[in-house]
Amino acid sequence: MSFLKDLFSRGPKLPEPVYDPFDGDEAARVAAAALGRGDWQEAARLLAASSGDQRAFLAGTFAEAGSTPAIDAWQAAQSDRPEPWLIRGLARIGEAWEARGSGLAADVEEEAWPIFRAGLEAAEADFREAIRLAPRDATPWGYLLITARGLGAEVPEIRQRFDQARRRDPRGWLAPFMALDALTEKWCGSHETLFAFAREVSASEPAGSPLHALVPAAHVERWLHFSLEEPPDHDAQQRYFARREVNQEIRLAWERGTQSPAFRPGRFAATQRNLFAFAFCLGEDVGRAQELFRQIGPHATPTPWRYLGDPIDAFKRAREDAFTL
């Protein structure tokens, strides 16, 4: 008991974890609230002035906040701008997935499939119009990777969309992360395709790149898939992150990525750090997990903690374990 008291007295006083969908961006919070009330002008102004990861972030938050009438009014008033097409495409993805549900394909009601496909195809049309209006913008290409996943695109098509996004924004997070998801075995790829993609992108990046976080993201997806097998292999899942080769690959990616002195935190830095923290916690790499929790502070993110239940509770339990083991 005295050891634990000493440990806690020496350890950091970590703040209560929270998930803030606006990541502290008060201007985005105000604009999203206005959009929810039907006033789209401030959201339009912020989105038009944005680029890169900030543009991807704002599009996602505004699409979630906006009602269908507000988004339709925005699109009608600014049909010559790419932003309302982006938002409407994302809203249609949300509606399509709501019709499908979040379960496995085998559990989806038969009558939901045509609604799902029609919604994704309509979203694709919106994103294509956004591309026509802003040919240099990577954002619609990144979101076209979500529709590709849902529509069961082949791997070459997924890679082609990813390449289009990366040519426009070489360090952007949205397209690589969405491509990784699409290339999992549960969607359009395989375990081999998944890891080949993550390793290829990471190997091409300099020290300090946020894209090294694709490595733990790929391992999280592989870990998760053990529970989808028939029957689920819970023993292999429990041991996965403790495997020496897995821990070593993630550690090297961390050292080149968010732990590098060259790393400059961007809009999605919290997700990137939480991916590494999740992997180190499950692999019982206590020292590195502690370092990451100090850097993360209160900024828990749904991905990847939602795979362990309520994301805030899972984050909190993992952090407590890291500082008591």
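Please treat every number below as a calculation from the coordinates, not as lab data. Since the model is a prediction, treat every value here as computed from it, not as a measurement. Neighbour counts are summed over all protein chains in view; Cβ atoms, including those assigned to glycine, are modelled from backbone coordinates with ideal geometry.
How big is the Kirkwood radius of segment 23-172, worked out from every pair of different alpha carbons and given in Å to one decimal? Could you put the intermediate results ahead of the total?
Numbers: mean 1/r = 0.0636 Å⁻¹.
In segment 23-172 this quantity evaluates to 15.7 Å.
Each residue of segment 166-177 in turn: what ³J(HN,Hα) in whole Hz from Karplus with 6.51, -1.76, 1.60 and θ = phi - 60°, glycine and Pro shown as x?
Values, residue by residue: 5, 5, 8, 8, x, 10, x, 8, 4, 5, x, 5 Hz.
Just to be sure I understand: with springs between alpha-carbon atoms less than 10 Å apart, which residue in 49, 198, 153 has the highest mean-square fluctuation in the Gaussian network model of the chain?
Of 49, 198, 153, the most mobile in the Gaussian network model is 49.
Please report, in debye to the nearest 20, how large the charge dipole of the chain is about its Cα centre when each Lys and Arg carries +1 at its beta carbon and each Asp and Glu carries -1 there.
Value, rounded to 20: 1220 debye.
So, counting K/R as plus one and D/E as minus one, what does the shell of residues with Cβ under 14 Å around residue 211 add up to?
Counting the neighbours of residue 211, the net charge comes to +3.
For 46, 58, what ranking results if the residue with the fewest other Cβ atoms within 10 Å of its Cβ goes first?
46, 58
Can you list the residues, at least 5 places off or on another chain, whose amide H is less than 5 Å from the amide H of residue 187, using H built in the peptide plane?
Under 5 Å from the amide H of residue 187 lies no amide H from a residue far enough along the sequence or on another chain.
Give me the angle, in degrees from 0 to 90, between the Cα long axis of helix 269-282 and the longest principal axis of the Cα atoms of the chain, rounded to the nearest 10.
Helix 269-282 sits at roughly 40 degrees to that axis.
Using label points projected 7 Å from each Cα along Cα→Cβ, tell me how many nm separate residue 132 and residue 204, to one decimal.
Calculated label separation equals 2.9 nm.
So which GluC sites (Glu not before Pro) in segment 245-285 are both in a DSSP loop and have at most 14 other Cβ atoms within 10 Å of their Cβ?
284
Averaging sequence separations of C-alpha pairs under 8 Å and six or more residues apart, then dividing by the length of segment 23-172, give the relative contact order as a whole percent.
19 percent
Could you go through segment 186-198 in sequence order and give the Karplus-derived ³J(HN,Hα) for each residue, using 6.51 cos²θ - 1.76 cosθ + 1.60 with θ = phi - 60°, rounded to whole Hz, and x for Gly and Pro?
3J(HN,Hα) across segment 186-198, in whole Hz: 6, 10, 10, x, 7, 4, 5, 5, 4, 6, 4, 5, 4.
From the backbone phi of segment 220-233, what are the Karplus-calculated ³J(HN,Hα) couplings (6.51 cos²θ - 1.76 cosθ + 1.60, θ = phi - 60°) in whole Hz, Gly and Pro given as x?
After applying 6.51 cos²θ - 1.76 cosθ + 1.60, I find 4, 5, 5, 4, 5, 5, 4, 7, 9, 6, 10, x, x, 9 Hz.
If each of residue 248 and residue 306 carries a label point 7 Å out from its Cα toward its Cβ, how far apart are those two points in nm?
It works out to 3.4 nm between the two label points.
What is the helix-to-structure angle for 286-296, meaning the angle in degrees between its Cα long axis and the longest Cα principal axis of the chain, kept from 0 to 90 and rounded to the nearest 10?
Tilt relative to the chain: about 40 degrees.
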